[in-house]
1. Could you please find all residues in region 44-91 being part of a loop (DSSP other than H, G, I, E, B) and of a type in the set (A, V, I, L, M)?
2. Restricting the first residue to region 42-63 and requiring it to be over 16 Å from residue 196 (Cα atoms), which pairs with a second residue that is surrounded by fewer than 20 Cβ atoms within 10 Å (Cβ to Cβ) and β-branched (Val, Ile, Thr) meet a Cβ separation below 9 Å and a spacing of at least six or different chains?
3. Does region 103-119 hold any residues that are at pLDDT below 95 and either under 15 Å from residue 206 (Cβ atoms) or small (Gly, Ala, Ser) (or both), and which are they?
4. In this structure, is residue 214 of a type in the set (S, T, N, Q) and in a helix (DSSP H, G or I)?
5. Of the conditions (1) surrounded by fewer than 19 Cβ atoms within 10 Å (Cβ to Cβ); (2) within 24 Å of residue 51 (Cα to Cα); (3) in contact with a helix residue (DSSP H, G or I) (Cβ under 9 Å, 6 or more places away or on another chain), residue 184 satisfies every one except a single condition; which number is it?
6. Go through 203, 246, 281 for me and flag whichever is among the basic types (Lys, Arg) and within 20 Å of the chain's Cα centre (by Cα).
7. Only residues that are in contact with a helix residue (DSSP H, G or I) (Cβ under 8 Å, 6 or more places away or on another chain) and either within 15 Å of residue 195 (Cβ to Cβ) or in contact (Cβ under 8 Å) with a residue 60 or more places away in the chain (or both): list them for region 216-228, please.
8. Does region 168-175 include one or more residues that are of a type outside the set (Ser, Thr, Tyr), surrounded by 16 or more Cβ atoms within 10 Å (Cβ to Cβ), modelled with pLDDT of 95 or more and under 21 Å from residue 207 (Cβ atoms)?
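The values are calculated or read from the model by the stated rules, or taken from the named source; none is laboratory data. Note that the coordinates shown come from a computational prediction; the quantities given were computed from them, not determined experimentally. Don't worry about glycine lacking a Cβ; one is built from the backbone with ideal geometry, like all the others, and counts go over all protein chains shown.
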Amino acid sequence: MTEPNMTEPKLTEPKLTEPKLKSAPLAYQNEPFLNSPDGRILRLLSEYSEPLSRFRREQIQDTVVFFGSARIASRDSADAMLSAVRDNKAGVAAAERAVQMKRAEAAVDMARYYEDARQLAHMLTEWSAQIPARRQRFVVTTGGGPGIMEAANLGAHEAGGKTIGLNINLPFEQYPNPYITPALNFEFHYFFMRKFWFAYLAKALVIFPGGFGTLDELFEILTLAQTEKLAKKIVVVIYGSEYWKKILNLEAMADAGTISPEDLELFKFCDSPEESFEFLKENLTRYHLGAQHPKRTGEEAATPEIAKTRP
């Protein structure tokens with residue numbers, strides 16, 4: 001009887017011409033993953049860690065934050081707009097021209113706040129440059145866009161200081177203004193991470209006339225101050241009582257018992273760059289320059305003394 005063939009089949013050798021499988025991307029270089037819902041935690045961490053590394057590198061210890069409308073133009077721009085409406089070279093109909101004239105006149109009136117923000121930022125930056133410190137103190141910081149933000153960055157830039165812009169990625173483009181220190185030009189996707197960096201480094205807040213975003217930032221900081229959530233004193237200036245007292249009636253809240261009368265002392269209304277500067281200088285000196293801090297050593301000494309929340 002014939003024995004069955006027990007010889008094992010030979011494996012076919014791969015052809016040398018067959019393509020090799022391409023290496024998978026490293027996880028931290030995989031853009032589809034990083035931009036997916038599963039990569040959100042990494043995006044959040046990046047918007048904390050990357051700014052922190054730059055603030056350390058640029059030796060930023062603390063900031064003075066300016067908020068206000070992106071729609072307020074400089075005096076020159078507002079005057080040019082009004083002249084163009086008056087000339088009416090495009091032949092706009094009377095009804096539409098009346099609307100344009102009203103807006104242009106309002107822009108000229110509001111332009112004084114642009115010039116005041118520019119002057120105040122210049123004064124603060126000149127003063128802070130004279131403070132003997134290893135790190136940058138009370139650096140003028142804005143949301144990085146046009147209007148009041150541009151004015152404050154411009155004033156600090158003209159004074160020769162560093163100035164920060166914390167911009168936000170929006171569906172309609174908000175480009176960073178050209179007066180931000182390039183190494184301190186930030187772009188955020190998440191509003192709450194941007195708000196974190198506004199509050200975390202701030203020792204003072206200056207609120208110029210603005211809209212919903214300005215009110216949002218004002219009440220966020222007032223809430224943190226009221227609840228003593230931050231282990232520091234934040235000095236708050238509300239600039240332009242003529243505008244803000246038409247918008248806000250905080251005394252009514254105290255009268256109704258929804259806030260304490262003492263909460264009205266968390267801020268001060270000011271109406272000139274000089275008045276604002278003196279108030280800021282006095283209180284920043286009192287709360288943040290007067291006390292002697294213990295000497296730091298080692299790795300701790302290599303990093304800026306950025307603010308801390310209460311435990």
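1. 70, 72, 73, 90
2. Hits for this filter: 56/303; 56/306; 58/181.
3. 104, 106, 107
4. It is true that residue 214 is of a type in the set (S, T, N, Q) and in a helix (DSSP H, G or I).
5. Against the list (1) surrounded by fewer than 19 Cβ atoms within 10 Å (Cβ to Cβ); (2) within 24 Å of residue 51 (Cα to Cα); (3) in contact with a helix residue (DSSP H, G or I) (Cβ under 9 Å, 6 or more places away or on another chain), residue 184 comes up short only on (1).
6. It is 203.
7. Hits for region 216-228 are 217, 220, 221, 222, 224, 225.
8. As a first pass, look at region 168-175 and keep what is of a type outside the set (Ser, Thr, Tyr): 168-174.
After this cut, where a residue has to be surrounded by 16 or more Cβ atoms within 10 Å (Cβ to Cβ) as well, the list is 168, 174.
Remaining after also requiring modelled with pLDDT of 95 or more: none.
There is no residue in region 168-175 that is of a type outside the set (Ser, Thr, Tyr), surrounded by 16 or more Cβ atoms within 10 Å (Cβ to Cβ), modelled with pLDDT of 95 or more and under 21 Å from residue 207 (Cβ atoms).
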